[in-house]
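In what follows, a single structure is set out as structure tokens and then discussed.
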Amino acid sequence: MISGLPPALLFLAGAALVPLLPQRYKQAFMLALPLFALYLLYNTPLGTYWSFSFLDYQIVLMKLDRLSRVFAYIFLIISVIGFLFALKVEDDLQHSAALIYAGGALGVTLCGDWFSLYVYWEFMAVASTFLILARRTPAARAAALRYILVHLFGGLLLFAGIMLLLAGGGPIAIGALKLDSAASWLIFLGIALNAAIPPLHPWLKDAYPEATPTGAVFLSAFTTKSAVYLMCRTFAGAEVLIWVGAIMTIFPIFYAVLENDIRRVLSYSLMNQVGYMMCGIGIGTTLAINGTVSHAFCHILYKALLFMAAGSVLTMTGRSRCTDLGGLYKTMPLTAVFCMVGSASISAFPLFSGFVSKSMIVSAAGLQHLTTIWFMLQFASVGVIDHAGIKVPYFTFFGHDSGIRASDPPWNMTWAMGIAAFFCLGIGVFPQPLYDILPFAVDYAPYTGAHVVGQLQLLLFGALAFVLLIYSGYYPAEIRAINLDFDWFYRKGGRAFYRLVDWSLNGINAASDRWLVNGATGAVNRFARQAPAVVSKLVLVPVWWLFKVRGWPLEQRKRALERGFARGALPVGVGALAAAVMLIVLYLLA
Amino acid sequence: MRELKIFDKAVNVKRLLMCLYIFLAVLLVADFFIHKHGHFPWENAPEFYAVYGFLCYLVLIVLAKALRRIIKRREDYYD
């Protein structure tokens, strides 16, 4: 039955087809594919499809319920918008990678068993890396390497957790878990890494600003929000998430105030928004889960819109730093307007989408009388109006005139932004259609007098503070600098750690000789080459040990793993490997 | 290429800010005429959100400036 066809399979097949099509058909194909998938999904009744037995396990490729359906809808909608935005990019690598990446996210959302989920999870990790690599700059290559290492580590955590779960007699079907065993904690950490929960977050702000202008749009939608979906599915009501989420809303806003690169500001802002969702999942009431899901839905649209605006600026001017930009409204008025619609939406102004979704999470915290959490979430809301609501549009399109006179981007990019902006406003004005597809029946009215006036006061008196601070000269100036974050530990600390071990194990003479002969580059290269194997061993050896693989068989497996990494054959599943090979070929050909 | 220059004139920026101030005043007045139903008692206090929003913004900027002293590095720090 075609109506139950998993969209993931459609996207993966499409990714293989894209490089073969002539340019003119390619563009139509990339738009038609997600639209067709959307049509199919709309006509698919809730239920289980494409299910079969494999060994003793029941594999489910398509399990449509109210939670997975709303995420599948938004992933398909943003695919349509993202491919429209990327329509004129003449780079098959990016198109194929984006299709595999979107397919992976749809697979994670719609599959019903842990095996399929893990395979799709790795598809996402591998394909998304190529959206960063495709920028083809040294900085992007370095960021992509760090990105894939971190995500392989996260994937291994998830994999180890799944294996332990099954070994302990747990179900293969994905369902609610309790944080009471090593298995569920490993799964939790694997998901948390993709959700960018601190301190597992720095990969996001490190990699997304280095991605291609169009690739960042896809990146902003899929990895973190598929993790939000999975967290909803497995750990709803896990209390640790309440605090983790609240902290996650707050700490990125300080970085966002200071950061110079607008796409990095947006990356920190993305973490802040996912923080609200994590908090909602932790609260776990029907209102909180509805709030989380609707916020994910709205967030994907306005965050993509903001990344599209930043991507348009980057495409047309070649710049993305606040210090280099300013005054662009003069010749890019449409981009400026669309950017401000995104800003108003993320700031949760009444009549914009963030208002009707975020407030459900904050209300849920209020209903549970979580006083401190409630104050933290409201504080973070003021932080959002600062960096995403004011700073991004102000320093890009207004502020001091940079002298740049770039025009609005080509029609397809403008239309993609326009459609996203239309959704942001549409949902804000008529939230009911969104409320109707949420997991639980909605009993919530966003537009009450108290709520509208309260929210406007909160935001606009924050804006008043901005006006006073900028005129007094106290507002932190935009400067060309970077800000240290937790990635220091693996970017600097990793090297320092490697050097320390090297030094202590080889003796002072040998180490200093190597130091003089090979220099720092040698150390970094060796670290990059050996880190994956070492990290994987750290995760897998205890797992094997628990599976009673000891002594000689254990040594054999360790060596096989080392050999695998030495040859670059990473254990990410055959499918993901095939995708990787195809993308590498495209990367080298272009 | 056609160029917009609306904010090149200082008077237009002033008008925009005046709109903001007037709207803020309206919000302060409106606060007394709405039916409040907060989850916490302080939500029902007059002008709570205005005060909290303004103070939060100041605290955020002061703390961020302090943080910058600790975490700021040259752009080539990792190279």
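The values are calculated or read from the model by the stated rules, or taken from the named source; none is laboratory data. Keep in mind it's a predicted model, so treat the numbers as computed, not measured. Methodologically, a virtual Cβ is constructed for each residue, glycine included, from the backbone with ideal geometry; neighbour enumeration extends over all protein chains shown.
For region A:197-218, enumerate the residues that are within 20 Å of A:Y276 (Cα to Cα) and buried (at least 24 other Cβ atoms within 10 Å of the Cβ). Across region A:197-218, the qualifying residues are A:I197, A:H201, A:W203, A:L204, A:K205.
Residues that are without any contact (Cβ under 8 Å) to a residue 60 or more places away in the chain, on the phi > 0 side of the Ramachandran plot and out of contact with any strand residue (DSSP E or B) (no Cβ under 6 Å at 6 or more places or on another chain) do not occur anywhere in region A:261-268. Report, by residue number, each residue of region B:36-46 that is more than 8 Å from every other protein chain (Cβ to nearest Cβ) and not in a loop (DSSP other than H, G, I, E, B). Once the filter is applied, which keeps residues that are more than 8 Å from every other protein chain (Cβ to nearest Cβ) and not in a loop (DSSP other than H, G, I, E, B), region B:36-46 yields B:P41, B:W42, B:N44. Number of residues in region A:179-198 that are in a loop (DSSP other than H, G, I, E, B) and either touching a residue at least 12 places away in the same chain (Cβ under 8 Å) or in contact with a strand residue (DSSP E or B) (Cβ under 8 Å, 6 or more places away or on another chain) (or both) equals 6. Does at least one position in region A:232-244 carry a residue that is touching a Ser or Thr at 6+ places or on another chain (Cβ under 6 Å) and at pLDDT 95 or above? No, that holds for no residue. Determine whether region A:204-219 contains at least one residue that is assigned to a loop (DSSP other than H, G, I, E, B), of a type outside the set (S, T, N, Q) and farther than 15 Å from A:Y101 by Cα. There is at least one residue in region A:204-219 that is assigned to a loop (DSSP other than H, G, I, E, B), of a type outside the set (S, T, N, Q) and farther than 15 Å from A:Y101 by Cα.
Only one of A:V293, A:V313, A:V337 is within 14 Å of chain B (Cβ to nearest Cβ) and in a helix (DSSP H, G or I). Can you tell me which?
A:V337
Screening the candidates B:L60, B:L55, B:L17 for the property of being closer than 30 Å to A:W488 by Cβ and at the interface with chain A (Cβ under 9 Å from one of its Cβ atoms) yields one hit, B:L60.
Can you tell me which residues in region A:277-290 are over 21 Å from A:Y73 (Cα atoms) and assigned to a helix (DSSP H, G or I)? Let's see the steps before the verdict.
The first filter runs over region A:277-290 and keeps only residues over 21 Å from A:Y73 (Cα atoms), leaving A:279, A:282-285.
Matches in region A:277-290: A:C279, A:G282, A:I283.
Does B:Y49 count as outside any helix (DSSP H, G or I), among the hydroxyl-bearing types (S, T, Y), within 9 Å of another protein chain (Cβ to nearest Cβ) and surrounded by 11 or more Cβ atoms within 10 Å (Cβ to Cβ)? Walk me through it before giving the result.
Details: outside any helix (DSSP H, G or I): no; among the hydroxyl-bearing types (S, T, Y): yes; within 9 Å of another protein chain (Cβ to nearest Cβ): yes; surrounded by 11 or more Cβ atoms within 10 Å (Cβ to Cβ): yes.
Spelling it out, it is not the case that B:Y49 is outside any helix (DSSP H, G or I), among the hydroxyl-bearing types (S, T, Y), within 9 Å of another protein chain (Cβ to nearest Cβ) and surrounded by 11 or more Cβ atoms within 10 Å (Cβ to Cβ).
Looking at region A:358-385, which of its residues are β-branched (V, I, T), surrounded by 24 or more Cβ atoms within 10 Å (Cβ to Cβ) and facing chain B (nearest Cβ under 9 Å)? Across region A:358-385, the qualifying residues are A:V382, A:I385. Looking only at region A:260-270, decide whether some residue is modelled with pLDDT under 95, touching a Phe, Trp or Tyr at 6+ places or on another chain (Cβ under 7 Å) and closer than 20 Å to B:L60 by Cα. So far as region A:260-270 goes, no, none of its residues is modelled with pLDDT under 95, touching a Phe, Trp or Tyr at 6+ places or on another chain (Cβ under 7 Å) and closer than 20 Å to B:L60 by Cα.
Within region A:248-275, the set of residues being assigned to a helix (DSSP H, G or I), within 14 Å of B:R68 (Cβ to Cβ) and touching a Ser or Thr at 6+ places or on another chain (Cβ under 7 Å) comprises A:A256 only. For the structure I just gave you, tell me whether A:F85 is at pLDDT 95 or above and touching a Leu at 6+ places or on another chain (Cβ under 6 Å). Judged against the criteria, A:F85 is not a match. Evaluating A:R136 against the criteria (1) surrounded by fewer than 24 Cβ atoms within 10 Å (Cβ to Cβ); (2) touching a residue at least 12 places away in the same chain (Cβ under 8 Å) leaves one unmet condition, (2).
Looking across region A:165-178, just one residue is within 17 Å of A:F235 (Cα to Cα) and assigned to a helix (DSSP H, G or I), and that is A:L165. Only one of the listed residues (A:L438, A:L458) is touching a residue at least 60 places away in the same chain (Cβ under 8 Å), within 30 Å of A:L64 (Cα to Cα) and among the aliphatic types (A, V, I, L, M). That residue is A:L438. Any residue at all in region A:331-351 that's buried (at least 24 other Cβ atoms within 10 Å of the Cβ), among the aromatic types (F, W, Y) and in contact (Cβ under 8 Å) with a residue 24 or more places away in the chain? Yes, that holds for at least one residue.
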